[in-house]
Amino acid sequence: MDKLLKKLYGINVTALERSANGAGSETFFADCEEGKFVVKFPSVSEMNDPCAEPALCEYLLNKGISVCQFIKNRNGEYISTDENGRLFHVQEYISGQVFDWNSAPPSILLDSAETLGRIHAALKDYSGLKAGIGEDFFRYMTPEKALSSYESTLRTAEARGDEKTVCDLRYRIQMIKRFPSFTFDLHRLTLTPTHGDYFISQLICSENKINAVIDWTTACNHPAVWEIVRSYVYAAPECARGEISPEGLRNYFSHYLSFGELNEYDIKMSVKLFYYQLAVCDYYAQYYASNARNSVIYLRQAEFSTALLRWLEKNEEKLTEHLQKYLRS
């Protein structure tokens with residue numbers, strides 16, 4: 001690594017530490033004579049687009065949004081390749097702390113909502129990002145295909161003797177068989193360029209505010225409300241057991257709306273869309289298929305999403321009514 005950075009960037013490494021966070025990408029913190037840097041090897045997937053990340057972050061920086069700042073190599077390019085052909089980039093280190101899931105202090109939680117609103121406002125006219133939850137998502141991610149995936153993953157879990165996962169998958173199989181027939185009109189939803197994975201672990205924070213939003217590799221076009229609801233449930237302490245506070249989510253939306261824009265249809269479909277996405281995505285299969293060093297993060301995500309599904313199956317309609325009542329104006 002030190003030779004690679006010296007050759008391509010002209011920086012001299014004095015110490016190198018591998019990040020313990022993240023499951024897909026491989027990230028290093030490099031102390032150098034020239035300063036401290038982050039070296040990231042993004043994971044390869046359909047949703048990741050590391051080549052689009054530097055330009056997007058530069059655009060956001062020019063809009064006053066605190067994000068990653070990338071370093072060009074000696075060829076004047078942001079993306080480099082190591083001797084094995086792996087893509088990587090180098091960015092300036094941002095000091096601060098990262099809060100664990102469902103541990104955001106009140107000030108950080110509300111700043112998260114407002115920052116997301118600012119991001120969506122800043123990216124309103126940005127183009128060139130991939131489609132996220134859109135027509136293809138609803139074409140391929142259906143309850144029928146989810147059922148088939150759950151049944152296959154259940155056999156894997158049974159063979160491995162993973163009792164809790166077996167229990168969770170059996171619940172998901174029954175849940176998806178009785179899942180409501182939701183339909184979503186994409187022309188009425190506010191689709192926006194967005195982070196794509198905006199949640200508490202991507203926020204570098206000081207004691208009372210967010211210093212920067214990192215890891216824009218999954219940036220794409222999503223319905224704005226999906227990113228809003230998801231970021232709330234991963235950050236809010238009251239959601240730690242998979243239960244969503246109506247008052248807490250309403251307040252989060254209110255702070256988002258200080259800067260972002262939504263319509264009544266967005267509010268009506270926000271929880272339903274999040275519920276649908278959780279229901280049709282087999283996170284347990286992702287966990288079993290992963291060879292990543294920290295693949296247990298996928299299992300944690302799977303178990304948390306199942307807890308959310310159990311709660312949403314009983315409470316989605318009441319939560320939707322609550323949001324519509326208080327946010328209609």
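The values are calculated or read from the model by the stated rules, or taken from the named source; none is laboratory data. Given the structure is predicted, the values throughout are model-derived calculations rather than measurements. We place every Cβ from the backbone using ideal geometry, glycine too, and count neighbours over all the protein chains shown.
Structure data summary
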| read-out | value |
| --- | --- |
| Residue tally, condition surrounded by fewer than 19 Cβ atoms within 10 Å (Cβ to Cβ) and touching a His at 6+ places or on another chain (Cβ under 9 Å), over segment 52-63 | 0 |
| Residues located in segment 152-191, provided they are polar (S, T, N, Q) and under 17 Å from TRP311 (Cα atoms) | GLN174 |
| Among the candidates GLU46, GLU83, residue that is free of Cβ contacts under 8 Å to residues at least 60 places away in the same chain and either assigned to a loop (DSSP other than H, G, I, E, B) or of a type in the set (Asp, Glu) (or both) | GLU46 |
| Residue list for segment 140-179, restricted to those being within 19 Å of PHE274 (Cβ to Cβ) and free of Cβ contacts under 8 Å to residues at least 24 places away in the same chain | TYR140, ARG178 |
| Number of positions in segment 251-265 that are outside any loop (DSSP other than H, G, I, E, B) and either in contact with a Lys or Arg (Cβ under 9 Å, 6 or more places away or on another chain) or without any contact (Cβ under 8 Å) to a residue 24 or more places away in the chain (or both) | 2 |
| Residues of segment 266-309 satisfying the condition of being in a helix (DSSP H, G or I) and among the basic types (Lys, Arg) | LYS268, LYS272, ARG300 |
| In segment 266-296, residue nearest to ALA20 (Cα to Cα) [restricted to those that are of a type in the set (Val, Ile, Thr) and surrounded by 18 or more Cβ atoms within 10 Å (Cβ to Cβ)] | VAL280 |
| Matching entry among LEU123, LEU109, LEU129 (being within 21 Å of the chain's Cα centre (by Cα) and under 26 Å from VAL296 (Cβ atoms)) | LEU109 |
| Verdict on SER206 being exposed (fewer than 15 other Cβ atoms within 10 Å of the Cβ), within 27 Å of VAL225 (Cα to Cα) and either without any contact (Cβ under 8 Å) to a residue 40 or more places away in the chain or touching a Pro at 6+ places or on another chain (Cβ under 6 Å) (or both) | no |
| Any hit, segment 159-167, residues being under 25 Å from PHE199 (Cβ atoms) and crowded, with 18+ Cβ neighbours inside 10 Å | yes |
| Looking only at segment 209-248, and only at residues there that are farther than 23 Å from GLU321 by Cβ and of a type in the set (Val, Ile, Thr), the one that is surrounded by the fewest Cβ atoms within 10 Å (Cβ to Cβ) | ILE210 |
| Segment 180-203, residues that are among the hydroxyl-bearing types (Ser, Thr, Tyr) and free of Cβ contacts under 8 Å to residues at least 24 places away in the same chain | SER181, THR183 |
| Candidates GLU321, GLU243 - the one that is over 25 Å from PRO106 (Cβ atoms), over 18 Å from the mean Cα position of the chain (by Cα) and charged (D, E, K, R) | GLU321 |
| Inter-residue pairs, beta-carbon under 7 Å, first touching a residue at least 60 places away in the same chain (Cβ under 8 Å) and at positive phi and in segment 305-329, second assigned to a helix (DSSP H, G or I) and of a type outside the set (Phe, Trp, Tyr), 6+ apart | none |
| Residue among LYS268, LYS318, LYS272, LYS325 that is closer than 20 Å to TYR252 by Cβ, at pLDDT below 95 and not polar (S, T, N, Q) | LYS325 |
| Residue check for ASP136: assigned to a helix (DSSP H, G or I), among the acidic types (Asp, Glu), surrounded by fewer than 17 Cβ atoms within 10 Å (Cβ to Cβ) and without any contact (Cβ under 8 Å) to a residue 60 or more places away in the chain | yes |
| Considering residues of segment 4-43 that are aromatic (Phe, Trp, Tyr) and in contact (Cβ under 8 Å) with a residue 60 or more places away in the chain only, the residue surrounded by the fewest Cβ atoms within 10 Å (Cβ to Cβ) | PHE29 |
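Listed here are the residues, each with its yes/no results for (1) assigned by TED's automatic domain parsing to the domain that holds GLU261; (2) more than 19 Å from VAL213 (Cβ to Cβ); (3) of a type outside the set (Val, Ile, Thr).
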position: LEU60; (1), (2), (3): no, no, yes
position: GLU114; (1), (2), (3): yes, no, yes
position: ALA121; (1), (2), (3): yes, no, yes
position: SER148; (1), (2), (3): yes, yes, yes
position: ARG160; (1), (2), (3): yes, yes, yes
position: LYS164; (1), (2), (3): yes, yes, yes
position: CYS167; (1), (2), (3): yes, yes, yes
